[in-house]
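Asker: Below: one structure in C-alpha cells.
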Amino acid sequence: MGAVLRLLSSIVPSSVVVVETGSDIQGHLYPAERDYIARAVRKRRAEFTTVRYCAERALGALGYARPVQVPGPRGEPAWPQGVVGSMTHCAGYRAVAVALDAAVDAIGIDAEPNAPLSDDVLRLVASPEEARRCALLSAQHPGVHFDCLLFSIKESMYKAWFPREGVWLGFEDADVTIDPEGAFGVIVRTPGVERAWYAGRWNCVDGILASSLVVPIGGWHRTGAPTWSRTAPVAGARPCSTSAGTAVTEHSSEVTGE
Ligand SMILES: CC(C)(COP(=O)(O)OP(=O)(O)OC[C@H]1O[C@@H](n2cnc3c(N)ncnc32)[C@H](O)[C@@H]1OP(=O)(O)O)[C@@H](O)C(=O)NCCC(=O)NCCS
C-alpha cells in the first residue's frame, strides 16, 4: 500500500485533528469490535482495525480515550460526548477527523480512488445538471475525475448529516458545486430542511481524491446566499498533486485552514 501524506490534514481547519495513513496498522480492538468484525473478509478487517487505530490517535490528541466503535444501526461510528468525528477508508488510504463539539457542529470526510464512475452510478448520484458541470470540469482539468469527486463530496455530506439529523439523506437531496481550486459547496433541500448550505474542501494526491466538510459551531443550519465560491483555497492545498517518493505512512496534524 503506497503512502499518502497530508491528503485531508492539509485541507481541514485548525480546530480539526486528522490522522491519516496509507498503510494498514494492527491496532487494538475492543472485544465487541473483534466479535463484530470476526467473520468479515481480510480487507474489511484491515480497514476496520486501521481506521480505529487512527481514531485512537486522533482522540488522544484531543485528550480522549477511544470508545467502543461498533458501527451503529445505520453504520454510524460512536464518539465520546463532546467530540464530533468522521472516518473513511478506501484502497490505499484510511483517515479519521475529530474536533471538539464546542468548536465544530459536524464533520464528514470521504476518500475514493480517482477513477471515473460508471454511467449507472453517475445517474444515481448526480442530477443531469451536476453531471454536466462535472463533465465540463473534467474536460478543463483532466487529472481529476470530477464525477468521482462529486460522489465523495456527497458521501462526506451524508457522514456529517446523519449523526446530526438521524435520518436518511438521498443523493438527490444535495446539489453540489465544485471549485476546481479545491473548494466545494453543497445545498441541501429535504422535506424537513427547506434549504441549508455547507462548504468544504477537496484534495487529490497520488490517485486518491478526498473531501472534507467541516461545519463550524453554529453553522449547521446555514441559510441564505451560499458564499463558498468566495472562499480562498487552503494555503498549501494542491489539488491533483503528487507525493511520489514519500516514505512516511502516517500523519497527524492540526492545520490552519478557513
Ligand atoms: C455510509 C456511507 C456514506 C459510507 O461511505 P463509503 O464511501 O461507502 O465508505 P467509507 O469507507 O468512506 O466510510 C465508511 C465509514 O463511514 C462511517 N459511516 C457509516 N455509516 C455512517 C453514518 N450513517 N453516519 C456517519 N458515518 C457513517 C463509518 O465510520 C464507516 O467506517 P466503519 O464501517 O469502519 O465504521 C455510504 O455507504 C452510504 O450509505 N451512502 C449513501 C448515503 C449517501 O451518501 N447519501 C448522499 C447524501 S448527499
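Quick note: the coordinates plus some simple rules give every number you see, no bench work behind them. If you're wondering where the values come from, they're calculated on a predicted model, not measured in any experiment. Note that we place each Cβ from the backbone using ideal geometry, even for glycine, and neighbour counts take in every protein chain shown.
Asker: Would you pick out the residues in the stretch 38-64 that are touching a Leu at 6+ places or on another chain (Cβ under 7 Å) and not basic (Lys, Arg)?
Answerer: Just the residues of the stretch 38-64 that are touching a Leu at 6+ places or on another chain (Cβ under 7 Å), to begin with: 49, 52, 62.
Selection gives Thr49, Leu62.
Asker: Within 20 Å of the chain's Cα centre (by Cα), part of a strand (DSSP E or B) and crowded, with 24+ Cβ neighbours inside 10 Å - does that describe any residue in the stretch 44-67?
Answerer: Checked against the condition, which is being within 20 Å of the chain's Cα centre (by Cα), part of a strand (DSSP E or B) and crowded, with 24+ Cβ neighbours inside 10 Å, the stretch 44-67 yields no hits at all.
Asker: Continuing with this model, one more query. Would you mind stating whether Gly108 is in contact with a strand residue (DSSP E or B) (Cβ under 8 Å, 6 or more places away or on another chain), under 24 Å from Ala196 (Cβ atoms) and within 9 Å of the ligand (Cβ to nearest atom)?
Answerer: Details: in contact with a strand residue (DSSP E or B) (Cβ under 8 Å, 6 or more places away or on another chain): yes; under 24 Å from Ala196 (Cβ atoms): yes; within 9 Å of the ligand (Cβ to nearest atom): yes.
Taking the combined requirement at face value, the residue satisfies it.
Asker: Being more than 6 Å from the ligand (Cβ to nearest atom) and over 18 Å from Ala103 (Cα atoms) is the filter here, so list the residues in the stretch 67-88 that pass it.
Answerer: Pro67, Val68, Gln69, Val70, Gly72, Pro73, Ala78
Asker: Just to verify a result, which residue in the stretch 68-122, among those that are touching a Gly at 6+ places or on another chain (Cβ under 7 Å) and charged (D, E, K, R), is surrounded by the most Cβ atoms within 10 Å (Cβ to Cβ)?
Answerer: Asp105
Asker: Residue pairs, Cβ under 6 Å, 6 or more apart or interchain, first in the stretch 56-84 and touching a residue at least 60 places away in the same chain (Cβ under 8 Å), second near the ligand (Cβ under 8 Å from one of its atoms). List them.
Answerer: Glu76/Phe162; Glu76/Pro163
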